[in-house]
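A short worksheet on the structure shown next.
Read-outs: derived from the displayed coordinates by stated rules, not from any lab. Because the structure is predicted, anything quoted here is derived from the model rather than measured. As a convention, Cβ positions derive from the backbone with ideal geometry for all residues, glycine included, and neighbour counts pool all protein chains shown.
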């Protein structure tokens, strides 16, 4: 069983969940401790819990009866780094299980994942099918690909030979590459900005927040997880999510996970709610947090009603 140490503040409760392989995961929770429903927000590659700040605040305003839990993936944010061989989506699915066991051992849960966080949710569902429709009563996949990430949009760059060279250089000389990272971030900043936001006008605050999180991620974390993204395929989890209310959401201007990914994902989940937010890019949770929160609230309402009526299906 994971262990947990909690630090309470006025509006935020902080905890550290120790995984079975000794990684300290930084967890934060908000809202009533004894809420009837827990919502777990799972962030994406090179992000951290702060990426959910605006969505979280909107959720607390719009659905005050839920407890909101956020945590940093291993190697991200305030969580500790880990052995590179554990930087896989499969391990992230196990981490999510350990976070739930520690901070939400009882009561219904809705899982919400953005980008790699959505992949984590899909992997959790595949690893724990018996919990989908029992413990897990709803799910949201935001700007997520269930498979074929490297086959469309900017995701195709993941197969570029330069990516393999970059990963090899990080493995061979991580310290040297760490020093070169800040320069690389400046050089590739325009490309990263286009991949995330396209050529649209985006608030400087949003861009600054995105860059701060991205630049603070250790280079070994950044490079190693790329391999997991390239070959990711969890289409086998889609029928499992058909047991519960599921939201599939994407920005219409997403260049990293184009809407075609979300359309294909929604088609594989019975009765899913497909939402396309006009003009938003891959960082849709930063760009249109209120609209994202509204879609999640509809999911929570649907999940709560379905759960109370006993209509969830468990195979």
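By per-residue mean of other Cβ atoms within 10 Å, what is the highest-first order of 11-22, 292-303, 65-76?
Averaged packing, sorted descending, gives the order 65-76, 292-303, 11-22.
If I stretch the segment between residue 21 and residue 294 completely, what's the gain in nm (0.36 nm per residue apart, minus their alpha carbon distance), one decimal?
94.6 nm
How much length would be gained if the chain were fully extended between residue 233 and residue 260, taking 0.36 nm per residue of separation minus their Cα-Cα distance, in nm to one decimal?
8.2 nm
FRET efficiency for residue 78 and residue 151, Cβ-Cβ distance as r, R0 = 35 Å, nearest 0.05?
Efficiency for this residue pair is about 0.55.
Report the gain in length on full extension from residue 276 to residue 53: 0.36 nm times residue separation, minus Cα-Cα distance, nm rounded to one decimal.
78.2 nm
Return the whole-Å distance between the Cα centroid of the stretch 111-156 and the Cα centroid of the stretch 254-270.
Here the two parts' Cα centres lie 11 Å apart.
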